[in-house]
Structure formats: structure tokens, C-alpha cells
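Student: First, the structure itself, so that you have it in front of you.
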Amino acid sequence: MKPLRLTLAAILLASGSAQAVEFKQFLAEQSTLQFVSRQMGVPVDGHFRKFAATLAFDPTRPAAATAKLELDLASVDAGSLDADGEVVGKPWFNVKAYPTATFVSSAIRPLGGDQYELTGKLTIKGKTQQVSAPFTFRQAGGNGVFDGTFVLKRLDFALGDGIWSDLSTVANDVQIRFHIVAAAAAGGK
Amino acid sequence: MSETRYTYPAMALHWLMAVLLIGLFGLGLYMSDLPLSPDKLKLYSWHKWAGVSAFLLVLLRLAWRVGHPPPALPAVMPRWQKLAAHGVHHLAYLLMVAIPLSGWLMSSAKGFQTVYFGVVPLPDLLSKDKPLGELLESVHGFLNYGLAALVVAHVAAALKHQLLDRDDLLARMLPLRRNR
Ligand code: HEM
Ligand code: HEM
């Protein structure tokens, strides 16, 4: 009797972590959205101060997960005051006409282990492109933590029109790094 | 007979650096007033590369100077003038080292790493810190105005020796002319 009880307990414990816990509640304070541009071959860090994610991710059913991101482009920190002023202007984000960028997921695919791939539509400055990004998922302190990176080609979104379309000064590739933290939905575990 | 002229390498480094530093000074003033544009980013990079080159040259120059002390100033020269000349020269060397250093540190603090000729990344000795970056920008500018004032005095003194005293002091730094 006793060994059976132990086995049962072990099974319950093992499945405990894989039990349906859905991470839904976006924690803005702990999440970051950074980017690295290359200017004259030199990597320059930037980030966005204001963005919000709406997500539902259950690690046992990743295929059913969804994610949506809304990004306040005016909240950009492009590395210097000069650059902040420039990048909200017409040649770049043109925030007067296009204040937000959005990402809407279309598929989330497990790649094995804690690796996943996120695919979806990214819209910036009225231009929509399909993008996909590998990310890792882990749980920390009861929260779900999503970390991923992908490379955005800025000219695909007409970011840097006119004089700035010269790719020898500011490279086309911009690396985007997201770190999203979400709490489990109420009722989880 | 003791040597009355600087060595050729010392002369070469003096004039090369004089041209480079005056160019860097003008470029620095010009570029920092430009509105942001790809050209501005290019000029900034060129300024930084040329500035790092000046730093390497001054290190070479100081190393050479240790092994090849400058010729003694003419015995007839008043003591105060000798002291002033030495003071100005030493201060100039100090600034020639401090200015590029402040530029390098400023760039690190502003979060724009210096990558020499786009190839050799210099380590960031400071991590990004905007207020510190702005402070170092002022320091860089301040030291530059200091060196500029010093160079004006230096050139005025050289011209005074040449045109008023007519002691041909300039020839000590010129490779082309026989000295006396
Ligand atoms: C001996 C060498 C150098 C000279 C003579 C020089 C001179 C100058 C001058 C005159 C300015 C304009 C200052 C002002 O507007 O008040 C300037 C600005 C600047 N320098 Fe240098 N510099 C030198 C080396 C460097 C180095 C090595 C770096 C970086 C690695 C550097 C980075 C900068 C930057 C980033 C600015 C612009 C600051 C701003 O944003 O306004 N400089 N420099
Ligand atoms: C950025 C500009 C310049 C800098 C930083 C500079 C710096 C110096 C320094 C540090 C020395 C001392 C060399 C030593 O003892 O090792 C020196 C010597 C000298 N410089 Fe310049 N110089 C500059 C431009 C000029 C110009 C434009 C002239 C000419 C009008 C000039 C004329 C001389 C002469 C004649 C000497 C030799 C002084 C002597 O006989 O001891 N320099 N310079």
C-alpha cells in the first residue's frame, strides 16, 4: 500500500508543475523591450518605456497560446536625447501619424525543452510584416518569464526614410530583445 | 658641440600632431553643432578615430622624448622664458593625453562605444551613465579650450622669437633649415 501511495504522490508532484497554469497577467514593471541598432558599425542600445502585452500561455498547451503586444513608440529611448528627438519624427516612427506598433501572434510552436517559436504579424508605421522569434519560457517565483530576440529589417517598415536609408551609417538589421513577465491567472495551482 | 635641433622623429611627430589636432578641434566644433544626420554620425566616428590616433601618436611621442630629451634652450634666453616654455610644453603634453582620454570616457558614458576605424573596439571603461556623459562632454570641451589657448600662446611665442627676437628658434623644430 505504502509504495503505491508514494508513486501516486510522485506522479502528482511531477505533473504538478505541468498542471494547467495559464500565464495571463502582464507585469509591466518587470518586462523590458530593448533593441540594438548599429551606427557606423557600433552597437547602440535602446529600449521602450511603455508597452503592454495581452497574453495567455499554458506551457502544457503552447499551441493554444496567444500573445499581443502594443507599443507606445513615443516612449522610445534611442540612446541619446538627439536620437530620441529624431526617431519619433517623420523619417522614422512618425509617431504623430502612427503612435503605436502592434504585434499579434498567429502561432506558437514548441521547439523542445524550454524553447518555443513565436510567429505573428508586426505592424509599424502602417506596414505589416510576418515575423518569427525563438524564445525561452521559464517559471520564476510563480511568474512566467519569456525571453526572446529577433532581427528586424528597419527598411521593411520604412524606418529611416530619405537620407537615413543609407545603410552604411545605420544598419538595416535591428536586434529586438523582449523580456516579458506574466503572472499566473487567478485560480492557477 | 651639443645638438641645437630636435630630432627628426620629434619634428615629424610635432608637425603631424599639430595638423591633426587643429583639424580635430575644428571638426569637433563643427560636428557637434550639426543636426542629427547620417553625415553627423560619420563625422563623429571620424573624429573619434582621428582622436584615438592622436592619442597613440602622443604616447609614441612621449616615449621618444624620454629617450631623446629636447635640445637645451639658448643660454641667452631669460630664465622666465625658459620656465614659461617648459611649462607650456609640459601642459600641452598633459592635455594631449587628457583630451582623447576624456573623449573616450565620454563616449563610453554616453553609451556609444568607440570602435577604432570600425574594426577595433576599445573597451568601455565606464558603463552608460547619461549625467556623467554630459559632464565628460563639458570636460572634453573645457580641456580643448585650454589646449587651444595654450597653442595660441605657443604660436605667438614662436612668432615673437622668429620676427622680433630673430633668434631663429623655429629652426629647432624645422627639418629644412640649417641652424646657424
Ligand atoms: C586630441 C584629440 C581630440 C581633440 C583635439 C578633440 C577636440 C574636440 C572638440 C574641440 C570638440 C568640440 C567640443 C565642444 O563642442 O565644446 C570635440 C567634441 C567631441 N569629441 Fe573630441 N577631440 C579629441 C579626441 C576625441 C576622442 C578620442 C573621442 C572619442 C573616442 C572624442 C569624442 C568627441 C565627441 C563624441 C565629441 C562631441 C561631443 C558632443 O556631443 O557635443 N574626441 N572634440
Ligand atoms: C596643436 C598645435 C601644437 C601643439 C600641441 C604643439 C606642441 C608643442 C610641444 C609640446 C612642444 C615641445 C616639444 C618638446 O619639447 O618635446 C613644441 C615645440 C615647438 N613648437 Fe609646437 N605645437 C603646436 C603647433 C605649433 C605651431 C603652429 C608652431 C609654429 C608656429 C609651433 C612651433 C614650435 C616650435 C618652434 C617648437 C620648439 C620650441 C623649442 O625650441 O624648444 N608649434 N610644440
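The values are calculated or read from the model by the stated rules, or taken from the named source; none is laboratory data. As the structure is a prediction and not an experimental result, all values here were calculated from the model. Using ideal geometry, Cβ is built from the backbone for each residue, glycine included, and neighbour counts are taken over all protein chains shown. The area values use the complete protein model at the heavy-atom level, side chains included, leaving out ligands, DNA and RNA. Shrake-Rupley method; radii C 1.70, N 1.55, O 1.52, S 1.80 Å.
Student: On average, how much accessible surface per residue is there in chain A, in Å², for a 1.4 Å probe, leaving out ligands, DNA and RNA? Before the final figure, lay out the partial values.
Tutor: On the way: 9930 Å² over 189 residues.
It amounts to 53 Å² per residue over chain A.
Student: Given a cut-off of under 8 Å on Cα pairs at least six residues apart, what relative contact order in percent is computed for chain A? Please list the in-between numbers first.
Tutor: Details: 403 pairs, mean separation 46.9, N = 189.
So the answer I get is 25 percent.
Student: Continuing with the same structure: What does the highest-first list of B:30-37, B:169-176 look like by mean Cβ count within 10 Å?
Tutor: Working: B:30-37: 12.8, B:169-176: 14.8.
Packing proxy ranking, top to bottom: B:169-176, B:30-37.
Student: For region A:35-53, state which residues have at least 30 Å² less accessible area in the presence of all protein chains than in their chain by itself, taking the probe as 1.4 Å and leaving out ligands, DNA and RNA.
Tutor: Those are A:GLN39, A:MET40, A:VAL42, A:VAL44, which lose 30 Å² or more relative to the chain on its own.
Student: At a Förster distance of 56 Å, what's the computed FRET efficiency of A:VAL151 paired with B:VAL88, Cβ-Cβ distance as r, to 0.05? Each step should come with its number before you reach the end.
Tutor: Numbers: r = 53 Å, r/R0 = 0.95.
Between A:VAL151 and B:VAL88 the formula returns 0.60.
Student: Can you show me the helix-derived [θ] at 222 nm for chain B, built from DSSP H runs with n ≥ 4 at -39,500 (n - 2.57) apiece and divided by the number of residues, rounded to the nearest 500. Spell out each step's value before the answer.
Tutor: Working: 4 runs with 116 residues, N = 180.
Helix-only estimate at 222 nm: -23000 deg cm²/dmol.
Student: Taking beta carbons within 10 Å but only from partner chains, what does the mean come to for residues B:108-119?
Tutor: Values: counts 0, 0, 3, 8, 9, 5, 1, 4, 0, 1, 3, 1.
That works out to 3 on average.
Student: If you don't mind, there's one more thing I want to ask. Please list, in chain and number order, the residues 5+ apart from A:VAL170 or on another chain whose amide H is under 5 Å from its amide H, with Hs placed from the backbone.
Tutor: HN-HN under 5 Å from A:VAL170: A:MET40.
Student: On the protein heavy atoms, probe 1.4 angstrom, tell me the percent of accessible surface of region B:65-151 carried by carbon and sulfur.
Tutor: Values: 3680 of 5010 Å².
Looking at region B:65-151 in its full context, I get 73 percent from C and S.
Student: Using 0.36 nm per residue of separation minus the Cα-Cα distance, give me the extension gain between A:GLU117 and A:ALA97 in nm, one decimal. The partial results should precede the final answer.
Tutor: On the way: separation 20, 0.36 × 20 = 7.20 nm, distance 3.15 nm.
Extra length available between A:GLU117 and A:ALA97 comes to 4.0 nm.
Student: Long-range amide H contacts for A:ASN94: which residues qualify at under 5 Å (H placed 1.01 Å from N, peptide plane, sequence gap of 5 or more or a different chain)?
Tutor: A:GLY89
Student: Then there is this: Once you list every other residue whose beta carbon is under 10 Å from the beta carbon of A:ILE124, what net charge do they have if Lys and Arg are +1 and Asp and Glu are -1? Present the calculation step by step, with values, prior to reporting the outcome.
Tutor: Numbers: positive: A:LYS125, A:LYS127, A:ARG154; negative: A:ASP156.
Combined, the nearby Lys, Arg, Asp and Glu give +2.
Student: Going Cα to Cα from B:LYS130, which lysines come in below 23 Å? Please leave out same-chain ones fewer than 8 positions away.
Tutor: A:LYS50, B:LYS40, B:LYS42, B:LYS48, B:LYS110
Student: Averaged per residue, what accessible area in Å² does region B:8-173 show with a 1.4 Å probe, protein chains only? Display every interim value, and only then the final one.
Tutor: Numbers: 9270 Å² over 166 residues.
Normalised by residue count, the accessible surface of region B:8-173 is 56 Å².
Student: Take the Cβ-Cβ distance between A:ALA185 and B:LYS130 as r, set R0 to 30 Å, and report the resulting FRET efficiency rounded to the nearest 0.05. Walk me through the numbers before you get to the answer.
Tutor: Values: r = 39 Å, r/R0 = 1.29.
Efficiency, rounded to the nearest 0.05: 0.20.
Student: A further question on this structure: Among the lysines, which have Cα under 20 Å from the Cα of A:LYS153 when same-chain residues fewer than 8 positions away are ignored?
Tutor: Once the sequence-local lysines are set aside, what remains near A:LYS153 is A:LYS90, A:LYS121, A:LYS125, A:LYS127.
Student: Please find the FRET efficiency linking B:MET173 to B:ALA148, where r is the Cβ-Cβ separation and R0 is fixed at 30 Å, and quote it to the nearest 0.05.
Tutor: On the way: r = 20 Å, r/R0 = 0.65.
Efficiency, rounded to the nearest 0.05: 0.95.
Student: Same structure again: Which order do peptides B:123-133, A:23-33, B:10-20 fall in by mean Cβ count within 10 Å, highest first? It would help to have the intermediate numbers written out before the result.
Tutor: Values: B:123-133: 13.2, A:23-33: 17.0, B:10-20: 15.3.
Top of the packing list down: A:23-33, B:10-20, B:123-133.
Student: Can you tell me the orientation of helix B:130-159 relative to chain B, as the angle in degrees between its alpha-carbon axis and the longest Cα principal axis, to the nearest 10?
Tutor: 20 degrees
Student: With θ taken as phi - 60° and the coefficients 6.51, -1.76 and 1.60, list the Karplus ³J(HN,Hα) couplings across region A:154-169 in order, rounded to whole Hz; mark glycine and proline as x.
Tutor: So the Karplus estimates, Gly and Pro as x, are 4, 6, 4, 10, 6, 8, x, 7, x, 4, 6, 6, 5, 7, 7, 9 Hz.
Student: Let me ask you something else. Helix-only mean residue ellipticity at 222 nm, chain A, DSSP H runs n ≥ 4 weighted -39,500 (n - 2.57), per residue, nearest 500. What is it?
Tutor: Values: 2 runs with 24 residues, N = 189.
The per-residue figure over chain A is -4000 deg cm²/dmol.
Student: Near A:ASP156, within a Cβ-to-Cβ distance under 14 Å, what is the net charge of the other residues, with Lys and Arg +1 and Asp and Glu -1? If you can, show how the numbers build up before the last one.
Tutor: Details: positive: A:LYS121, A:LYS125, A:LYS127, A:LYS153, A:ARG154; negative: A:ASP161, A:ASP173.
My count for the surroundings of A:ASP156 gives +3.
Student: What residue among A:LEU167, A:LEU118, A:LEU73 has the largest mean-square fluctuation in a Gaussian network model of chain A, using Cα springs under 10 Å?
Tutor: Among A:LEU167, A:LEU118, A:LEU73, the largest GNM mean-square fluctuation belongs to A:LEU167.
Student: Would you kindly state how much longer the chain becomes between B:LEU59 and B:MET77 on full extension, computed as 0.36 nm times their sequence separation minus their alpha carbon distance, in nm to one decimal? Before the final figure, lay out the partial values.
Tutor: Details: separation 18, 0.36 × 18 = 6.48 nm, distance 2.94 nm.
So the extension gain works out to 3.5 nm.
Student: At 7 Å along Cα-to-Cβ for each site, give me the label-to-label distance between A:SER75 and A:SER106 in nm.
Tutor: 2.7 nm
Student: Let me ask something else. Karplus couplings for region B:109-117 from phi (6.51 cos²θ - 1.76 cosθ + 1.60, θ = phi - 60°), rounded to Hz, Gly and Pro as x?
Tutor: 5, 7, x, 10, 4, 9, 10, 4, 6
Student: Something else: Tell me the net charge near B:SER108. Cut-off is 15 Å between Cβ atoms, B:SER108 excluded, with +1 for each Lys or Arg and -1 for each Asp or Glu.
Tutor: Numbers: positive: B:LYS48, B:LYS110, B:LYS128, B:LYS130; negative: A:ASP45, B:ASP124, B:ASP129, B:GLU134, B:GLU137.
Neighbour charge sum, excluding B:SER108 itself: -1.
Student: Helix A:2-18: angle to the longest alpha-carbon principal axis of chain A, degrees 0 to 90, nearest 10?
Tutor: 10 degrees
Student: Mind listing the phi-derived Karplus ³J(HN,Hα) values for region B:78-89, rounded to whole Hz, using 6.51, -1.76 and 1.60 with θ = phi - 60°, and x for any glycine or proline?
Tutor: Each residue's phi maps through the Karplus curve to give x, 4, 5, 5, 4, 4, 5, 4, 5, x, 5, 5 Hz.
Student: Tilt of helix B:8-32 relative to the longest C-alpha principal axis of chain B, in degrees (0 to 90, nearest 10)?
Tutor: Value to nearest ten degrees: 40.
Student: Going out from 0 in 5 Å bins, what whole percent of all Cα-Cα distances in region B:1-108 drops into each bin?
Tutor: Calculated over all Cα pairs of region B:1-108, the distribution is 2, 10, 18, 20, 16, 12, 9, 6, 4, 2, 1, 0 percent.
Student: Could you list which residues have their amide H under 5 Å from that of B:LEU122, counting only those 5 or more apart in sequence or on another chain, with H placed in the peptide plane?
Tutor: Long-range HN contacts for B:LEU122: B:THR114, B:VAL115, B:TYR116.
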